[in-house]
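> Can you keep this structure in mind? I'll have questions shortly.
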Amino acid sequence: MTTDTVAAEPIYAAFSEQEQAWLQQNRDLLLARFGHMPKACLHVFGCQQNVSDGQRIEGLLQAMGFGFTEQPEEADLILFNTCAVREHAQERALGNVGALKKWKAQRPERILILCGCMVQQEHVAQTVRQSYPYVSMVFGPHAINHLPQNMYAFLTGGKRVFDLPQDESAIREGLPVRRTGVKGWLPVMYGCNNFCTYCIVPYVRGREKSRRPQDVIAEAQRMIAAGYKEITLLGQNVNSYGKTLDEPVSFAQLLRQINALPGDFIIRFMTSHPKDCTLELLQAMRDCDKVAKHLHLPVQCGSDRVLKAMNRGYTAEQYLSLVHTARELMPELSLTSDLIVGFPGETYEDFQQTLELVRRVGYSSLYTFIFSPRKGTPAEKLPDPVPAQEKSRWFQELLALQETLAAQQTAGLCGNTYRVLCEGQKKPGLCYGRTDGNVLVEFPGDAALVNTFVHVTVTEALSFVLKGTVSQ
Ligand code: SAM
Ligand code: SF4
Ligand code: F3S
């Protein structure tokens, strides 16, 4: 959802004088270029971190005078915030850019921007340089805050701008964010140090960096004041939050501090890496009344041999023991996970161990992926003898198992009543939200319910969605 359902957060701009000058000059230059205050249309691929980055980019565009539209035809600027995690995500992004050649040719003053993880890879930036000459600007995840300056350089220099620094040492705080919708994304850290052997993220997002707790808390307070009733704390591995700070703080401590803020809101977080998921964190989850009892705990695979080759840092038994502890502390806990099928060298026996683990845990939902080789990662070079068709069969087997297990799980929820934040309407008269355990639930209701808490009693359970009625 991208409609403005919650009052926009006030702009707490911490721009330097030079940046303010660029913003003002860009406003004038854009007005002269288009003859009206321009409109931007953003498309975001990939994870919630990218959605959150998109909101920061929109904050900067807004500070230059941009309005926003979801219609490409109305837009003067289109920006793709791209993802590199699997080949498919890249193909889709480049396909979309290809389809905009005509859009750009219709009004050559239009601006097309590509940013995010995909273009941070040198070979992709090179492809864009050579094969997509109508892309005006390209910048990576570490260059988001350079947008005022880069826009100025583009508008005055008449040349395409490529800004792809490797990493940026300090986190910039206080810049504007244009939040829309009901869900409030709040990054607590950036980057990743884990180097799972299949994953491109550490190469394009750089090393792990945590925001200071006082900055996270100040932003959470602004979000609560702006009307947000759900705050999701984001990081590739939130469990290692705070380790790089001058005064180290644990993620469990941060959770407790946010939980203590006044207001009626829910706290969610993602993603938790099993190797860093501590008892301290599970106890904080149990103790904090605002923290949803849902843990997204990606396991990736159930075979120790493959987990080792993935460099995940735990065995299947260690993972199961963690799940056991978590459920002992929070019997109502709902678990979700990410799984990769067909990692190089994985055999059908390994895959069977994944199925066994999935059966033993009982996830409420799963995000499943077929291994996609990423350029420059160790797994790209491993022998991968299993044919794609075979991997696809395994993948279907996993989906079928999960569908059966999820149906059993959700059937047990019938008759329960949950306090649900209404996130929006699927169609007029039909609202949706999520249970505390993050299971999607649909219920009759009008638009006035959006961004309010309602009590929903589950009347019917399908595998992926619950149906319910508002009980007060
Ligand atoms: N940091 C999180 C973690 O470690 O669980 C998630 C990172 S990634 C953005 C989201 C998911 O994409 C991963 O958990 C993994 O299942 C999947 N993924 C990452 N690289 C992949 C690849 N090369 N092929 C297929 N799936 C991949
Ligand atoms: Fe990728 Fe692993 Fe980091 Fe997650 S923890 S972002 S899967 S390297
Ligand atoms: Fe996210 Fe994709 Fe980048 S999953 S961190 S947008 S590679």
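The values are calculated or read from the model by the stated rules, or taken from the named source; none is laboratory data. Source: prediction; values computed, not measured. Cβ placement follows ideal geometry from the backbone for every residue including glycine, while neighbour counts extend to all protein chains displayed. Ligands, DNA and RNA are stripped out before the accessible areas are found, and what is left, the full protein with its side chains, is counted by its heavy atoms. Shrake-Rupley method; radii C 1.70, N 1.55, O 1.52, S 1.80 Å.
> Taking the condition open to solvent by less than 20 Å² (accessible area, probe 1.4 Å), modelled with pLDDT under 95, within 30 Å of D276 (Cβ to Cβ) and under 19 Å from the mean Cα position of the chain (by Cα), does V182 pass?
Yes; evaluated as a whole, the condition is true for this residue.
> Criterion first (within 13 Å of ligand 1 (Cβ to nearest atom) and in the same structural domain as T197 (by TED's automatic domain parsing)) does L366 satisfy it?
Spelling it out, L366 is indeed within 13 Å of ligand 1 (Cβ to nearest atom) and in the same structural domain as T197 (by TED's automatic domain parsing).
> Yes or no: C414 hydrophobic (A, V, I, L, M, F, W, C) and either open to solvent by 70 Å² or more (accessible area, probe 1.4 Å) or more than 28 Å from the chain's Cα centre (by Cα) (or both)?
Criteria met by C414.
> So is R86 of a type in the set (K, R), open to solvent by 50 Å² or more (accessible area, probe 1.4 Å) and within 16 Å of ligand 2 (Cβ to nearest atom) or not?
yes
> Given the conditions (1) open to solvent by 10 Å² or more (accessible area, probe 1.4 Å); (2) more than 16 Å from ligand 1 (Cβ to nearest atom); (3) under 20 Å from D436 (Cβ atoms), and given that R268 satisfies all but one, which numbered condition is not satisfied?
Of everything listed in (1) open to solvent by 10 Å² or more (accessible area, probe 1.4 Å); (2) more than 16 Å from ligand 1 (Cβ to nearest atom); (3) under 20 Å from D436 (Cβ atoms), R268 misses just condition (2).
> List the pairs whose first member sits in the stretch 349-360 and is under 16 Å from E403 (Cβ atoms), whose second member is surrounded by 19 or more Cβ atoms within 10 Å (Cβ to Cβ), and whose Cβ atoms are under 6 Å apart, counting only residues at least 6 apart or on separate chains?
Close Cβ pairs satisfying both conditions: T354/C301; T354/G302.
> Yes or no: G313 in a loop (DSSP other than H, G, I, E, B), in contact (Cβ under 8 Å) with a residue 40 or more places away in the chain and either under 19 Å from Y241 (Cβ atoms) or not assigned by TED's automatic domain parsing to the domain that holds V188 (or both)?
yes
> Output the residues belonging to the stretch 327-339 that are open to solvent by less than 20 Å² (accessible area, probe 1.4 Å) and either within 30 Å of P378 (Cα to Cα) or in a loop (DSSP other than H, G, I, E, B) (or both).
Answer for the stretch 327-339, where residues must be open to solvent by less than 20 Å² (accessible area, probe 1.4 Å) and either within 30 Å of P378 (Cα to Cα) or in a loop (DSSP other than H, G, I, E, B) (or both): M330, L333, L335, T336, S337, L339.
> Filter the stretch 277-309 for residues that are within 20 Å of the chain's Cα centre (by Cα) and more than 16 Å from ligand 3 (Cβ to nearest atom); which is farthest from T232 (Cα to Cα)?
Among those residues, the one meeting the criterion is V299.
> Same structure again: Return the residue satisfying two criteria in turn: it lies in the stretch 228-261 and is assigned to a loop (DSSP other than H, G, I, E, B) and open to solvent by less than 20 Å² (accessible area, probe 1.4 Å), and of such residues it is farthest from ligand 2 (Cβ to nearest atom).
L261
> Quick one: how many residues across the stretch 43-71 are within 19 Å of V97 (Cβ to Cβ) and either in contact with a Phe, Trp or Tyr (Cβ under 6 Å, 6 or more places away or on another chain) or not in a helix (DSSP H, G or I) (or both)?
Adding up the residues that qualify gives 7.
> Give me the residue from the stretch 218-227 that is part of a helix (DSSP H, G or I) and not charged (D, E, K, R) and, out of that set, farthest from the chain's Cα centre (by Cα).
A225
> I'd like the residue in the stretch 112-144 that is in a loop (DSSP other than H, G, I, E, B) and in contact with a Pro (Cβ under 9 Å, 6 or more places away or on another chain) and, out of all such residues, is most open to solvent (accessible area, probe 1.4 Å).
Y134
> Assuming G174 fulfils every condition listed in (1) at pLDDT below 95; (2) open to solvent by less than 30 Å² (accessible area, probe 1.4 Å); (3) farther than 25 Å from E17 by Cα apart from one, which condition is it?
Of the numbered conditions (1) at pLDDT below 95; (2) open to solvent by less than 30 Å² (accessible area, probe 1.4 Å); (3) farther than 25 Å from E17 by Cα, the odd one out for G174 is (3).
> Let me ask you something else. Counting residues that are under 24 Å from K290 (Cα atoms) and not hydrophobic (A, V, I, L, M, F, W, C), which strands (runs of 3 or more DSSP E) fully inside the stretch 370-472 reach at least 2?
In the stretch 370-472, the matching strands (runs of 3 or more DSSP E) lie at 417-427, 430-434, 453-461, 466-470.
> Pairs please, first residue from the stretch 41-56 and within 11 Å of L234 (Cα to Cα), second anywhere and more than 8 Å from ligand 3 (Cβ to nearest atom) and among the aromatic types (F, W, Y), Cβ atoms under 7 Å, 6+ apart in sequence or on different chains.
Q48/W185; V51/W185; S52/W185
> Tell me, which residue of the stretch 187-217 that is part of a strand (DSSP E or B) and either in contact with a helix residue (DSSP H, G or I) (Cβ under 6 Å, 6 or more places away or on another chain) or open to solvent by 10 Å² or more (accessible area, probe 1.4 Å) (or both) is nearest to ligand 3 (Cβ to nearest atom)?
Y190
> Just to check your reading of the model, which residue among L147, L79 is in contact with a strand residue (DSSP E or B) (Cβ under 7 Å, 6 or more places away or on another chain), open to solvent by less than 20 Å² (accessible area, probe 1.4 Å) and more than 16 Å from ligand 1 (Cβ to nearest atom)?
The unique qualifying residue is L79.
Conditions tested, residue by residue: (1) of a type in the set (K, R); (2) open to solvent by 20 Å² or more (accessible area, probe 1.4 Å); (3) not assigned by TED's automatic domain parsing to the domain that holds G242.
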| position | (1), (2), (3) |
| --- | --- |
| G263 | no, yes, no |
| K275 | yes, yes, no |
| A292 | no, no, no |
| T325 | no, yes, no |
| P344 | no, no, no |
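> While we're here: When the residues of the stretch 153-171 are filtered to those that are closer than 17 Å to P187 by Cβ and of a type in the set (A, V, I, L, M), which remaining residue is most open to solvent (accessible area, probe 1.4 Å)?
The qualifying residue most open to solvent (accessible area, probe 1.4 Å) is A170.
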